[in-house]
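Derivation of every value follows stated rules applied to the coordinates shown; laboratory data play no part. Please read all numbers here as calculations on a predicted model, not as lab measurements. Backbone-built Cβ (ideal geometry, glycine too); neighbour counts: all protein chains shown.
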Amino acid sequence: MKRAGMALVTAGVVVLGVAGCDSGEPSSQGATTTAKPVLWDPCTEISDAVLTEAGVDPSTEESGVGGHAQSGWEICAWDAPEYSLTVYTTNKSVEEFEQKPGNVDFQDVTIAGRAGRQFKVQGASKDLGCDVVFPAEQGIVQLEILNSPLESGLDDPCVYLERVGEVLVPILPN
């Protein structure tokens, strides 16, 4: 159930990633080669020990959106009793996130010594979620917390994000 709300938020963010990177250069056999950036994969790069320290259950891992890969993105999500955590990587820029309609309330934040841009996604789940994008050589790394819509009296999702970020940010790609 928690992921149903996450899917709504995720769908809005993933819309940014519809364009691929194609070099368009034909090879000597006449085939077209594709130069796609190698993205850091949170499902394989974040250890179970780090996930447990961050407060999520490693056994709840879900790759992609609803288990489906998204072109131009690496996405992985895990659950905790109060919230879900999703980590995204893409070759998009922070500026593209800032210009995307529906992404609002941007502010500078520093988590575990790393500067990023915190924001919310407009809509019914706006008060349940909190996102931070960090610039990286490959594009961005994004952390998203989505509070469970089934629980009441939870901390602000940005508070959870800061706690989780203190554990995860040191291992994220620069």
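Straight-line cross-link partners of Lys100 among the aspartates and glutamates, defined as a Cα under 18 Å from its Cα and at least 8 positions apart when in the same chain: Asp108, Asp131, Glu144. Of the GluC sites (Glu not before Pro) found in segment 77-171, the ones in coil according to DSSP and having at most 14 other Cβ atoms within 10 Å of their Cβ are Glu137, Glu151.
Size descriptors for segment 71-148 (Cα atoms only): Rg and Dmax, in that order, 12.2, 33 Å. For segment 41-155, the dipole from Cβ point charges (+1 on Lys and Arg, -1 on Asp and Glu) about the Cα centre works out to 400 debye, to the nearest 20. Mean silhouette area of segment 43-94, derived from the convex hull of its C-alpha atoms and averaged over all directions, reads 4.1 nm².
How many angstrom separate the Cα center of segment 32-92 from the Cα center of segment 153-174? Each part reduced to its Cα centre gives a spacing of 15 Å.
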